[in-house]
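Worksheet: the structure to be examined is printed underneath.
The values are calculated or read from the model by the stated rules, or taken from the named source; none is laboratory data. These numbers were taken from a predicted model, which means no experiment stands behind them. Using ideal geometry, Cβ is built from the backbone for each residue, glycine included, and neighbour counts are taken over all protein chains shown. In case anyone asks, the SASA skips ligands and DNA or RNA and just uses the protein heavy atoms, side chains included. Shrake-Rupley method; radii C 1.70, N 1.55, O 1.52, S 1.80 Å.
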Amino acid sequence: VTNPPFSLFREYLAQLIEYDKKFLIIGSQNAITNKEFFPLIQAGKVWLGFGFKGGATHFYSCYEDTATASDHRKGMIRVSGVVWYTNIDHKKRHEKLDLYKKYNAEEYPLYDNYNAINVNKTADIPLDYDGIIGVPVTFMDKYNPEQFEIIWQASGNTRASAPKDVLERLCYKPHKEDRGGCPVLNGKRLYSRIFIKHRQK
């Protein structure tokens, strides 16, 4: 079957899971933080596929192409923030992420509302930190289930969708800026984060 419109992504994926089908589909990167979809990622029932360098691709379209001159393809439109989702295993999913940075409290501050440190780039994950780490959603493209545990995600629906024991593990404290669970750092709300932890060596 072909890929559905992104507006039907939730219903389509739910049907694939219900009937235990193998799939490889395109979806918005932001779907990762969806309250129905994220538990599937966390449970290892769905993961990211391989491809779409830079999180963008081209689709055939009858609309005007708005891509930059350096990325122009005739008859196609460029769409950013898209990824492959699959439940078919592949080699890249098991590649170890090479880390080189070491933890220090100044470079990796704690959130105001979670007992987790903030990391802005996947490459900057400290190799020696044993606690909980908040990373950007783009981390999922490098996620290796043998190397990291996914604990939960921090977004505007975290407070309502996270199990109570998960919120307790994260030491979540409501903050006036978090709008239902977004990470807050030094009083400023940040974009969604994925909470991870190194697997025991």
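Roughly how many debye, to the nearest 20, is the charge dipole of the chain about its Cα centre, given +1 on each Lys and Arg Cβ, -1 on each Asp and Glu Cβ, and no other charges? It would help to have the intermediate numbers written out before the result.
Details: 29 positive and 23 negative charges, 15 e Å.
Here the size comes out at about 80 debye.
What ranking do 89-102, 47-60, 115-128 get when scored by the average of other Cβ atoms within 10 Å per residue, highest first? Can you show the working numbers first?
Values: 89-102: 11.9, 47-60: 14.3, 115-128: 16.7.
By packing density, highest mean first, the sequence is 115-128, 47-60, 89-102.
Rounded if a/c is under 1.5, else prolate if a/b beats b/c, else oblate: with a ≥ b ≥ c from the C-alpha gyration tensor eigenvalues square-rooted, which is the stretch 29-129?
Working: a/c = 2.10, a/b = 1.71, b/c = 1.23.
Here the stretch 29-129 falls in the prolate category.
For Ser28, project a label point 7 Å along Cα to C-beta. Then give me every residue of the stretch 124-154 with its amide nitrogen under 19 Å of that point.
Only 136-141, 153-154 pass the distance filter.
Just for the stretch 55-201, what percent of DSSP beta bridges are antiparallel, to the closest 5?
Numbers: 18 of 20 bridges.
Here the antiparallel bridges make up roughly 90 percent for the stretch 55-201.
For Ile132, what residues show an amide H to amide H distance below 5 Å, using hydrogens built from the backbone and excluding near sequence neighbours?
It is Ile117, by chain and number.
Once the dipole of the stretch 102-148 is set up with Lys and Arg at +1 and Asp and Glu at -1 on Cβ about the Cα centre, which of Gly131, Asn113, Gln147 lies farthest towards its positive end?
About the Cα centre, the residue reaching furthest to the positive side is Gln147.
Treating the beta-carbon of each Lys and Arg as +1 and of each Asp and Glu as -1, no other charges, what is the dipole magnitude of the stretch 145-201 about its Cα centre, to the nearest 20 debye?
Values: 12 positive and 6 negative charges, 36 e Å.
The calculation lands at about 180 debye.
Against the longest alpha carbon principal axis of the chain, how many degrees, from 0 to 90 and to the nearest 10, is the axis of helix 9-18 turned?
That helix lies at roughly 80 degrees to the long axis.
If you plug each phi of the stretch 123-134 into the Karplus form 6.51 cos²θ - 1.76 cosθ + 1.60 with θ = phi - 60°, what whole-Hz ³J(HN,Hα) values come out, in order, with x for Gly and Pro?
5, 9, 4, x, 6, 10, 9, 8, x, 8, 10, x
Using mean Cβ contacts within 10 Å as the protection proxy, how do 27-34, 148-155 order, highest first? Don't skip to the answer; put the middle values down first.
On the way: 27-34: 19.6, 148-155: 21.9.
For the peptides 27-34, 148-155, the packing ranking is 148-155, 27-34.
List the residues whose amide H sits under 5 Å from the amide H of Ile194, counting only those 5 or more places along or on another chain, with H placed 1.01 Å from N in the peptide plane.
The answer is Val135, Val137, Ala154.
Once you charge only the Cβ atoms, +1 for Lys and Arg and -1 for Asp and Glu, what is the size of the charge dipole of the stretch 1-119 about its Cα centre, to the nearest 20 debye?
Details: 15 positive and 13 negative charges, 87 e Å.
Using Cβ point charges on Lys, Arg, Asp and Glu, the stretch 1-119 gives about 420 debye.
Keeping all protein chains in position, work out how much accessible area Ser161 exposes to a 1.4 Å probe, and write it in Å² to the nearest 10.
Its accessible surface works out to 30 Å², give or take rounding.
Rounded to the nearest 500, what is the chain's calculated 222 nm mean residue ellipticity when only DSSP H runs of at least 4 contribute -39500 (n - 2.57) each, over all residues? Walk me through the numbers before you get to the answer.
Working: 4 runs with 25 residues, N = 201.
My calculation for the chain gives -3000 deg cm²/dmol from helical runs alone.
For the chain, just the Cα atoms, rotate onto the principal axes and tell me the three extents in Å, largest first.
The Cα atoms of the chain stretch 50, 42, 38 Å along the principal axes, largest first.
If every alpha-carbon in the stretch 92-201 counts as one equal scatterer, what log10 I(q)/I(0) does Debye give at q = 0.13, 0.14, 0.21, 0.22 1/Å?
Per q value, in the given order, log10 I(q)/I(0) is -0.44, -0.51, -1.14, -1.23.
Between Lys101 and Arg78, how many nm apart are label points set 7 Å from Cα along the C-beta direction?
2.7
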